[in-house]
1. Kindly establish whether Thr418 is assigned by TED's automatic domain parsing to the domain that holds Val511, surrounded by fewer than 16 Cβ atoms within 10 Å (Cβ to Cβ), of a type in the set (Ser, Thr, Tyr) and at pLDDT below 90.
2. Hey, among Gly98, Gly112, which residue is touching a helix residue (DSSP H, G or I) at 6+ places or on another chain (Cβ under 7 Å) and either outside any helix (DSSP H, G or I) or under 25 Å from Thr145 (Cβ atoms) (or both)?
3. Go through Arg186, Arg178 for me and flag whichever is at pLDDT 75 or above and either assigned by TED's automatic domain parsing to the domain that holds Gln116 or surrounded by fewer than 14 Cβ atoms within 10 Å (Cβ to Cβ) (or both).
4. Within region 60-71, track down each residue that is over 21 Å from Phe92 (Cα atoms) and loosely packed, with under 12 Cβ neighbours inside 10 Å.
5. Going through Ala16, Ala40 one at a time, which residue ends up being among the hydrophobic types (A, V, I, L, M, F, W, C) and either modelled with pLDDT of 90 or more or surrounded by fewer than 17 Cβ atoms within 10 Å (Cβ to Cβ) (or both)?
6. Could you tell me which of the residues Arg223, Arg144 is closer than 30 Å to Ala37 by Cβ and either touching a residue at least 60 places away in the same chain (Cβ under 8 Å) or over 35 Å from the mean Cα position of the chain (by Cα) (or both)?
7. Scan (1) assigned to a loop (DSSP other than H, G, I, E, B); (2) without any contact (Cβ under 8 Å) to a residue 12 or more places away in the chain for the single condition Gly31 breaks and write down its number.
8. Would you check if there is a residue in region 461-483 being at pLDDT 90 or above, exposed (fewer than 13 other Cβ atoms within 10 Å of the Cβ), of a type in the set (Ser, Thr, Tyr) and assigned by TED's automatic domain parsing to the domain that holds Lys535?
Amino acid sequence: MIKPIHTHHQQAIQMAEALGISPEELEARKGFLHFTADEARLLQDLLEPFQREVPLFVEFLHDRLGRYPETRQILEQVPSPLWLQKRHIEYFIEMTEGQYGLEYAWNRIAVGLAHQKIGMEPKWFMGSFSLFLEWIIPRILKDRTATPEKNIATILAVIKLSFLDASLALDAYFQADRSMLDLLSRVFDTDVEVVWILDTDGRILHANKTSGRIAGRDPSALRGTMLQDVLGMTPDEVSLFFADIGAHAREHEFWEGEFAVARPDGSSFPAWGTLNTVHAASGELSHFILEFRDRTEDKKVQEELERRTQDLLRSNKDLEQFAYVASHDLQEPLRMVTSYTQLLARRYKDQISEEANEFIGFAVDGAARMQALINALLAYSRVGTHGRELVPVETQTAFEQAKSNLKIAIQESQATITSTPLPTVTGDPIQLMQLFQNLIGNALKFRGTDSPVIRVGASREGPEWVFSVSDNGIGIDPKFWSRIFVIFQRLHSKEEYPGTGIGLAMCKKIVERHGGRIWLESDAGKGSTFFFTMKPVSRKKGKSA
C-alpha cells in the first residue's frame, strides 16, 4: 500500500503530537469504541474481496461528489483526478489490512489536513463515510459462507473503525482551522496599521493591539465604542461621514480617504484609511473593516516637499527670467561693440599694422561668438516660458519641416535621411520641429569620413512613444555622456566643429517640457543613437496614438 507523500506524513506526525495522539491515546480511543483485536481480524478477512470491489465504490463516490457544485469545483481543481481516485482506493483498502496502530492514525490525520487545505467541509467527509457504509453493509450480509453472527460482528467492526477514522480526521481538520485562525489573529494584532472591525451601525466590535500605539486607546476599551466617539466629530458630522463612506463601501465594497482620529487626551491626528465590506454567506452586508495609519509625518514630508517644489519653481522661473533679461539687455551694447569693431576693420584695414588688424579680427570674432551665445541663451530660456500649448502633433510633419530647414546642409554633406512612419503625440509643434532639427543637425555636423546616414524611428513601449535618431558619425565616448546635455558644454574646439554648445541642452529641455526623457547610446567612432520619449495623444480627445 502506498503511504501519504513525505511532506504530508511529516505534517500529520506534527499534528498528531499537537493533538496528543500517542500509542496510549490511540488505544484509549479504540477501547472506548470497544474495538477489539478480534474485530481487527474480522476486517482483515474482507481484504481479498475488498481489493477487487473498492474501485467500483470509489467510482460511485466520485460520481456522487460530482453532482454538487461545491464538491465538483473542488474535484475540478485537483491536478490529477485519477491520482485522487487511486488514493481513495488505497484509503478504503487500508481499513481492511488489520493494522490500526500509530501509522494508521497518521494517515487518517493526513486526510483531515488535506480536506481542510482544499476546503472540503466535514459534511462531505462524513457523507462519504455514510455512502461507504451504505455500500459495504449489504456486501457483508451477502456472504453465505459466514454465520449471521459473524456478519453482524463484521458490520459493527466496520462502523467502529469508521468512527475512529472520522474522529482522527475531524480532530486534525478543526485543529488546522484553529491554527489558521490563531495565525490570522496574531497577524491582525501585530498589523502595522490600526484595524477595527465594525458592525453596520459603526460600533467597534474588535480592535487590534496597534490601536494603543497609534491611537493611544486600549483595544479592550474600544470594544462597543461608537465610531463617532473616536473621530473627533459631532454625532451629526460622524453620521454624515459614516453614511457617505458606508454608502460608497456598500456600492464599491471599498473606500479610502483621509479623516481625523481623536486621542483620549483631546488631541487628534490625520489618518489615511480604507474601509472594506464583509458579507454573510447569504450575501447580506454584515460588517465593515476599517484600517488606518497616522499621516502626521507623511503630511510633514508632503508639506516640505511642496514647499521645496514651490521654491524650485520660483528659482527656475527667476533663472529663466534672469537669462532672458540678461541676454535681451546685452543685445544692444553687444551690437554696438560688433558694429564699431567691424567699422574699424573696414576703415583702418590698410592704415594700421598687421598686428593691429589681427587684434581687430579677434575682437570682431569674439563679439560675433558672444552674440551667437546670447541668442542661444535667449532661445534656451524661452523653451519653458514661450512654448505653445501642447496639442496633438503629427511628428512626421515636424520631421519633414526639420529636414526642409536643413536642406542645404543635407545637400552639402550628401546625407541620406530616412524614417519609419512616425506617430501623433501630444506636444508643441514648433519645439518638436526644433528637436528633430537639432538632433539631425547634430548628426550632420559630427559626421565621419563617409556620407552621413541618419535613421529616425518610433516604437510604442507601454504608456509612451520612444523615438530614436541614429547616425554613422564619429560617436561619443561613454565617459562624456553625462556632459553632452549640459548647456555650453563642448567636447571639441570651435575650430573643429563650430557652434554654441547649446543644441543638445535645448533638446533635453524641450523633451522634459513634454514630460519625457532623453538619452543616448554610442561608442567613439561607431555612430550614435539618441532616444527620447513622448506622450501619446489622450484617448479622451477621440484620436488614437
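1. So Thr418 fails the test.
2. Sole residue among the options that is touching a helix residue (DSSP H, G or I) at 6+ places or on another chain (Cβ under 7 Å) and either outside any helix (DSSP H, G or I) or under 25 Å from Thr145 (Cβ atoms) (or both): Gly98.
3. On inspection, the qualifying residue turns out to be Arg178.
4. Arg67, Pro69, listed by residue number.
5. Ala40
6. Result of the check over Arg223, Arg144: Arg144.
7. (1)
8. So far as region 461-483 goes, no, none of its residues is at pLDDT 90 or above, exposed (fewer than 13 other Cβ atoms within 10 Å of the Cβ), of a type in the set (Ser, Thr, Tyr) and assigned by TED's automatic domain parsing to the domain that holds Lys535.
The values are calculated or read from the model by the stated rules, or taken from the named source; none is laboratory data. These numbers were taken from a predicted model, which means no experiment stands behind them. Please note: Cβ atoms are built from the backbone with ideal geometry, for glycine as well, and neighbour counts cover all protein chains shown.
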